[in-house]
Amino acid sequence: MIDTSLIQLLPPIRRARGDRLYANERHWVDLWKQSGAWLLGHRPEGAAREWKNQLDKGLAAVLPSRWTARLETHLNDLLGYGEAKGTLRLYANEESAVQALEAWGGETFTFQDAKRARWLPFSGDDPPGLGNYPKLAKSPWKGVVLPRLPAGPATAFPVILGPKLNVVGDLPPAPLVAVTEAAALVRAAVTLRRKQGDANFLAALTAVGKQFDRHASQLGFFRRSGPWFEATCEPEDYERLFTTFLEAGFVLSPDQDQESVLPPELSEGEWKAFRTAGEKFLADTGPGGS
């Protein structure tokens, strides 16, 4: 769960540009990106503009729109389902989506269920709807996909029932969401699909992953999948890890159970600061620690 007290350790942010947050004369590399909402930077191409376009049309209200059907089409394309079409349900937020899943599945939708169902762009993992939901053949969540989309301010939450979903029945129709929300999600899905075919962008992600491995692998408490990474230290040490990196100029996820994400580029000075922060954390942990 997000620890807002950790985020409040930052001073008031005056400007956010790309992957960096600015306050007075300091800046921080944002590795949280609000759990992927700002995956492509704080001025994401397309999503924020689409939000503004709909807002200028007076369509910030909860109304029927063409965008939900479009989102289903684009997500199927993005997830690689092809003709085996997955079914979209779009909820106002994550909480209402989880409530609907629990009512449908008849059991608690745990954090671990949510983590297994997440699809992280560029992680290299197939979406769970293609059948890689390990050791849970009888789970009602096998084939449920929760895609992370860089939709900026949009909080609407898409749920995809994959084409290989191995259950009887379907989630009931979801309530309407604001037109701005659905439109921003569509634009985010379209942008991600374009990035999947952008050789320069993919090369940058590969390069930053190799740099991360070079600087962070020796630390022993990070695990990476594509640009996404998570801390494996003891939970009681996570606040200290967060503050150590914050002092060094990096904002990790304020929730240890939610991945942080690498930007496409870090300078050599920033990598040195990253490694130094990790070494300081280890030194302060002492023998027998995480």
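A few remarks follow.
- Residue ID - modelled with the highest pLDDT, chosen from residues in segment 96-118 that are open to solvent by 50 Å² or more (accessible area, probe 1.4 Å) and among the hydroxyl-bearing types (Ser, Thr, Tyr): 108
- Residue match in segment 119-141 (condition: at pLDDT 85 or above and in a helix (DSSP H, G or I)): no
Here is a yes/no grid of residues against (1) closer than 27 Å to residue 11 by Cβ; (2) at pLDDT 95 or above; (3) touching a helix residue (DSSP H, G or I) at 6+ places or on another chain (Cβ under 7 Å):
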{"site": "177", "(1), (2), (3)": "no, no, no"}
{"site": "184", "(1), (2), (3)": "no, no, yes"}
{"site": "217", "(1), (2), (3)": "no, no, no"}
{"site": "225", "(1), (2), (3)": "no, no, no"}
{"site": "245", "(1), (2), (3)": "yes, yes, yes"}
{"site": "250", "(1), (2), (3)": "yes, yes, yes"}
{"site": "258", "(1), (2), (3)": "yes, no, yes"}
{"site": "268", "(1), (2), (3)": "yes, no, no"}
{"site": "280", "(1), (2), (3)": "yes, yes, yes"}
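- In the condition set (1) under 20 Å from the mean Cα position of the chain (by Cα); (2) in contact (Cβ under 8 Å) with a residue 12 or more places away in the chain; (3) open to solvent by 70 Å² or more (accessible area, probe 1.4 Å), residue 247 is compliant with all but (1).
- Selected residue (criterion: surrounded by the most Cβ atoms within 10 Å (Cβ to Cβ)) from residues of segment 183-230 that are closer than 21 Å to residue 272 by Cβ and among the basic types (Lys, Arg): 224
- Annotation: of all residues in segment 22-56 being more than 26 Å from residue 118 (Cα to Cα) and free of Cβ contacts under 8 Å to residues at least 24 places away in the same chain, the one that is surrounded by the fewest Cβ atoms within 10 Å (Cβ to Cβ) is 25.
- The number of residues in segment 238-267 being within 16 Å of residue 4 (Cα to Cα) and small (Gly, Ala, Ser) comes to 2.
- Residue in segment 234-243 that is within 24 Å of residue 122 (Cβ to Cβ) and not hydrophobic (A, V, I, L, M, F, W, C) present: no
- Residue match in segment 66-78 (condition: touching a helix residue (DSSP H, G or I) at 6+ places or on another chain (Cβ under 8 Å), within 30 Å of residue 244 (Cα to Cα), at pLDDT 90 or above and of a type in the set (D, E, K, R)): no
- Only a single item in (1) open to solvent by 40 Å² or more (accessible area, probe 1.4 Å); (2) assigned to a helix (DSSP H, G or I) is not met by residue 274, and it is number (1).
The values are calculated or read from the model by the stated rules, or taken from the named source; none is laboratory data. Remember, it's a predicted structure, so these values are computed and weren't measured experimentally. Ideal geometry is used to build each Cβ from the backbone, glycine not excepted, and the neighbour counts take in all protein chains shown. Just so you know, the surface numbers come from the protein's heavy atoms only, side chains and all, with ligands and any DNA or RNA stripped out. Shrake-Rupley method; radii C 1.70, N 1.55, O 1.52, S 1.80 Å.
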